[in-house]
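Participant: One structure is given below, represented as structure tokens, and several questions about it will come after.
Please treat every number below as a calculation from the coordinates, not as lab data. Source: prediction; values computed, not measured. Glycine gets a Cβ as well: all are built from the backbone with ideal geometry, and neighbour counts include every protein chain shown.
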């Protein structure tokens, strides 16, 4: 019989560069609330089991809670061992493990993994330590630049093209699975929690920092992107960052909006319109609803553009530094080339 794998407790930076997939040993509910992006959830306890253990700890004490924990997870050890082996990608391959504080759950799972010869690293301080790192990222100073423009100017597509062209970009809407308006969730996956959104943002910023991006471009947003909230430290920097406002004709904007939203169910479009009916006013709301019923997507968009334009203009007034560039008639690819050729944006420095 071969010897057991080695378990090492390491700090966050060492854990980040260690070998093996990241395993989150917390409950499914904890994992859903937020986790290390890319981690695999192999919970030692179910949601209810963890509740029972916690209650026992409070009412009876530590030893009794440990004994209950052993009783609850004992029958599942074989399945957990298989789950760890599958997550590792095979017998004896390395794993990285964390729980809430880097305590009993991760160390118990590390012991179990070691029985199958997996070298294991455990995150010192656990997910709690990781969250401290995440929140610290938003207090650091970043070289932010904001891409502005009225609804329908194609800001998101342009940012993604710039990213493909080597520019440092954080896609706030993509990470949130939301386009930032009442219609923003249509056709997209469920949104992450604000906590997990923060985790994803921090990881993206860290990647750009490593790449030595002289500029980091984001789209002009309000602090809420659907139900996800941009961290205050980052949002404050966005509000004082230079803004590049792109301009297109109203016809182009309507055409782009029809492309994005015209493919969705009429009922979904009606419900999204009704959510902003108080702000649209009764006449614009009815005009938009009638156009949706008639599948006249262009007229529906035009009925709502004035409202969204006023919202955007009000937000933009707060910007201390703003340049404009007219991209009328240019495709997304040509728009990106135009911005690069004019020196409006700067690609990342190759290492």
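Participant: Using a simple spin-label model with points 7 Å from Cα along the Cα→Cβ vector, what separation in nm is obtained for residue 62 and residue 326?
Facilitator: 7.3
Participant: I'd like the distance between the alpha-carbon centres of region 278-299 and region 151-170, rounded to an integer number of Å.
Facilitator: 30
Participant: Using only the alpha-carbon atoms of region 7-135, report the extent along each of the three principal axes, biggest first, to the nearest angstrom.
Facilitator: 40, 36, 24
Participant: Hey, what did region 139-341 get for relative contact order, percent, Cα under 8 Å, at least 6 apart? Before the final figure, lay out the partial values.
Facilitator: Numbers: 282 pairs, mean separation 62.2, N = 203.
After rounding, I find 31 percent.
Participant: Still on this structure: Normalising by the residue count of region 7-135, find the relative contact order in percent from Cα pairs under 8 Å and 6+ residues apart. List each step's numbers first, then the result.
Facilitator: Details: 208 pairs, mean separation 43.9, N = 129.
It rounds to 34 percent for region 7-135.
Participant: Along the Cα→Cβ direction, 7 angstrom out, place labels at residue 33 and residue 8. What is the inter-label distance in nm?
Facilitator: Once both label points are built, they end up 3.1 nm from each other.
Participant: Please check which bits of region 302-322 a label hung off residue 240 would reach, taking the label as a point 7 Å along Cα-to-C-beta and the cut-off as backbone N under 12 Å.
Facilitator: 320
Participant: Apply 1/(1 + (r/R0)^6) to the Cβ-Cβ distance of residue 338 and residue 141, taking R0 = 35 Å, and write down the FRET efficiency to the nearest 0.05. Mind showing how you got there, number by number?
Facilitator: Details: r = 29 Å, r/R0 = 0.84.
With R0 = 35 Å, the Cβ-Cβ based efficiency is 0.75.
Participant: Right, something else. First measure r as the distance between the Cβ atoms of residue 206 and residue 275, then evaluate 1/(1 + (r/R0)^6) with R0 = 41 Å and state the FRET efficiency to the nearest 0.05. Can you show the working numbers first?
Facilitator: Working: r = 35 Å, r/R0 = 0.86.
In this case the efficiency is close to 0.70.
Participant: As a test of the formula, what do you get for the chain when each DSSP H run with n ≥ 4 contributes -39,500 (n - 2.57) and the sum is divided by the residue count, at 222 nm and rounded to the nearest 500 deg cm²/dmol? Could the numbers behind the result be given before it?
Facilitator: On the way: 17 runs with 182 residues, N = 351.
The helix contribution divided over the chain gives -15500 deg cm²/dmol.
Participant: With angles folded into 0 to 90 degrees, how steeply does helix 297-316 sit against the dominant principal axis of the chain? Use alpha carbons for both and round to 10.
Facilitator: Around 80 degrees separate the two axes.
Participant: Separation of region 187-206 and region 62-128 by C-alpha centroid, Å?
Facilitator: Each part's Cα centre sits 26 Å from the other's.
Participant: Using only the alpha-carbon atoms, how far is helix 126-137 inclined from the longest principal axis of the chain? Give it as 0 to 90 degrees, nearest 10.
Facilitator: 30
Participant: Using Cα atoms only, what is the angle between the long axis of helix 266-275 and the major principal axis of the chain, expressed in degrees (0 to 90) to the nearest 10?
Facilitator: 90
Participant: Evaluate the distance, in nm, between pseudo-label points positioned 7 Å from the Cα of residue 164 and of residue 117 along their respective Cα→Cβ axes.
Facilitator: With each label placed 7 Å out from Cα toward Cβ, I get 4.6 nm.
Participant: Residue 101 to residue 193: FRET efficiency via 1/(1 + (r/R0)^6), r the Cβ-Cβ distance, R0 30 Å, to the nearest 0.05?
Facilitator: On the way: r = 20 Å, r/R0 = 0.67.
With a Förster radius of 30 Å, E is 0.90.
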